[in-house]
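A short write-up of the structure that comes next.
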Amino acid sequence: MPDYGKYSFWLETAGDQLRPRPALIQSAEADVAILGGGYTGLWTAYYLLRENPGLRVAVVEKEIVGFGASGLIREAYAGYERLGLSGQYQLMSPEETRQRVNVTEVHGALYASENASVHPGRLVRGLARVIEKLGAVIYERTEVTDFAGGAAPRLLTPGGELRAKKALVLAGEAYLTRLSKLHRAVLPVYSLIALTEPLTERQWSQIGWQNRESLASSNYTVDYLTRTPDGRILFGSRGAPYRFGSKITDDQDRHAETHARIRRTVVEWFPMLEGIKFTHTWGGPVGMPRDWMPAVAFDPATRIGFARGYTGQGVSTTNLAGRVLAGLIAGRRSGLETLPLAQRQSPDWEREPLRWIVVRYMQDAFLRIDTAAKTGQPIPKDAFIAEFLGKH
């Protein structure tokens, strides 16, 4: 059995036993059967049970709960202005930015006054315990091999069927691509992370960052940073290459070339950390929809619901998706069903080998564009092609 604590720093420090719950070993029945023990599935279960005590909800997870969890500039501000939200944001000059966090090569920042960081491992493990107290059953180490909707919706597993009287929820995000019926629904794109050793007080005095803001770059290859409670820097980025056929494997969580680039980038951001040691590296796939827009839907005819396509923003978005999906399943109108992400379907990704050719080209092109911007080199001549493909 895998040592789940070694998969990520978040699971290692979740403060929870990672011993798997019992698997589904014979056919069973529930009112709502949920594929996926991540944020989407658990939040959906939570809101269903909170509004409908006594509802029989069952969650099926291939590994353990939380196994898959990883989980600018003036144009963005103009967008917030159009939405009437500019009061929550502030455009900062390079000097103002460095007063908060002393990073190199900064051209400015967009500061959000309301933000928070969470420990994703503790959140997902705690959420699982809450829904169990509300009456849900969670089957772990149980792989879903297929599903069916209609008059008898059900999840198929090696141990038996999990039949659903009211609804079936597909909440596997990037891992849904392992099911043949959903192979092209999202694209698994890897997000990889490196974690430094705890910094000294002198190092923090040089960096600043005393208010623990969450940081992110505006590069195509997005970088995102968090200061952990024990004084480390968590630095995440995209970049692990797409595998033919949307393949997902454990070895992609630790792509040596990408993790080496992340470690170099930490020192590029903070030169005073030259020689810093890194204690953890990990990663995981996020689900990219073809139109870059998350979707939440429930079809009463097939009794199948789904929520997916968070493009790496799932820790926060899944709560909203769970509320929307629970309302759609229960037939309860709250106003959330009128949101743009509700009752929509993203188009499928192209078939292979076209998918592999285009995605690998875009990954390479975006990395070259970012590198040129960092080093002051001319933008690659094919940049417009990559940007066009990224929007279409």
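Here Trp349 meets the list (1) assigned to a helix (DSSP H, G or I); (2) closer than 29 Å to Ala240 by Cβ almost entirely, failing just condition (1). Summed over the range 162-218, residues that are in contact with a Ser or Thr (Cβ under 8 Å, 6 or more places away or on another chain), closer than 30 Å to Arg98 by Cβ and of a type in the set (Asp, Glu) total 1.
Evaluating Ser334 against the criteria (1) over 17 Å from Val222 (Cα atoms); (2) in a helix (DSSP H, G or I); (3) hydroxyl-bearing (Ser, Thr, Tyr) leaves one unmet condition, (2).
At pLDDT 90 or above and at positive phi: is that true of Gly41 in this structure? When the stated conditions are applied, Gly41 does not pass them.
Restricting to the range 44-75, name every residue that is touching a Pro at 6+ places or on another chain (Cβ under 6 Å) and modelled with pLDDT of 95 or more. Show your work before the answer.
Just the residues of the range 44-75 that are touching a Pro at 6+ places or on another chain (Cβ under 6 Å), to begin with: 64, 69, 71.
Ile64, the sole residue that qualifies.
Just so you know, in the range 194-221 the residues that are among the acidic types (Asp, Glu) and surrounded by 13 or more Cβ atoms within 10 Å (Cβ to Cβ) include one that is modelled with the highest pLDDT, and it is Glu197. Looking only at the range 11-40, count every residue that is closer than 24 Å to Gly312 by Cα and part of a strand (DSSP E or B) and tell me the total. Of the residues in that region, 2 qualify.
Per this entry, Leu155 is not counted among residues that are over 22 Å from Gly287 (Cβ atoms), crowded, with 22+ Cβ neighbours inside 10 Å and touching a Leu at 6+ places or on another chain (Cβ under 8 Å).
Can you report the number of residues in the range 194-238 which are of a type in the set (Phe, Trp, Tyr), within 18 Å of His259 (Cα to Cα) and part of a loop (DSSP other than H, G, I, E, B)? Steps first, please.
Going through the range 194-238, the residues of a type in the set (Phe, Trp, Tyr) turn out to be 204, 209, 220, 224, 235.
Restricting the remaining residues to those that are within 18 Å of His259 (Cα to Cα) gives 220, 224, 235.
Of the ones still in play, those that are also part of a loop (DSSP other than H, G, I, E, B) are 220.
Residues that pass the stated criteria total 1.
Within the range 366-386, is even one residue surrounded by 15 or more Cβ atoms within 10 Å (Cβ to Cβ) and touching an Asp or Glu at 6+ places or on another chain (Cβ under 7 Å)? For the range 366-386, residues surrounded by 15 or more Cβ atoms within 10 Å (Cβ to Cβ) and touching an Asp or Glu at 6+ places or on another chain (Cβ under 7 Å): absent.
Sort out which residues of the range 303-325 are part of a loop (DSSP other than H, G, I, E, B) and surrounded by 19 or more Cβ atoms within 10 Å (Cβ to Cβ), and write them in order of number. If you could, list the steps in order and put the result at the bottom.
The first filter runs over the range 303-325 and keeps only residues part of a loop (DSSP other than H, G, I, E, B), leaving 303, 309-313.
Answer for the range 303-325, where residues must be part of a loop (DSSP other than H, G, I, E, B) and surrounded by 19 or more Cβ atoms within 10 Å (Cβ to Cβ): Arg303, Gly309, Tyr310.
When you look at Tyr175, is it within 26 Å of the chain's Cα centre (by Cα), assigned to a strand (DSSP E or B) and either hydroxyl-bearing (Ser, Thr, Tyr) or surrounded by fewer than 17 Cβ atoms within 10 Å (Cβ to Cβ) (or both), yes or no? When the stated conditions are applied, Tyr175 does not pass them.
In the range 1-38, the residue that is nearest to Gly309 (Cα to Cα) out of those that are at pLDDT 95 or above and among the β-branched types (Val, Ile, Thr) is Ile34.
The values are calculated or read from the model by the stated rules, or taken from the named source; none is laboratory data. Quick caveat: nothing in here was measured; it's all calculated off a predicted structure. Neighbour counts run over all protein chains shown; Cβ positions are idealised from the backbone, glycine included.
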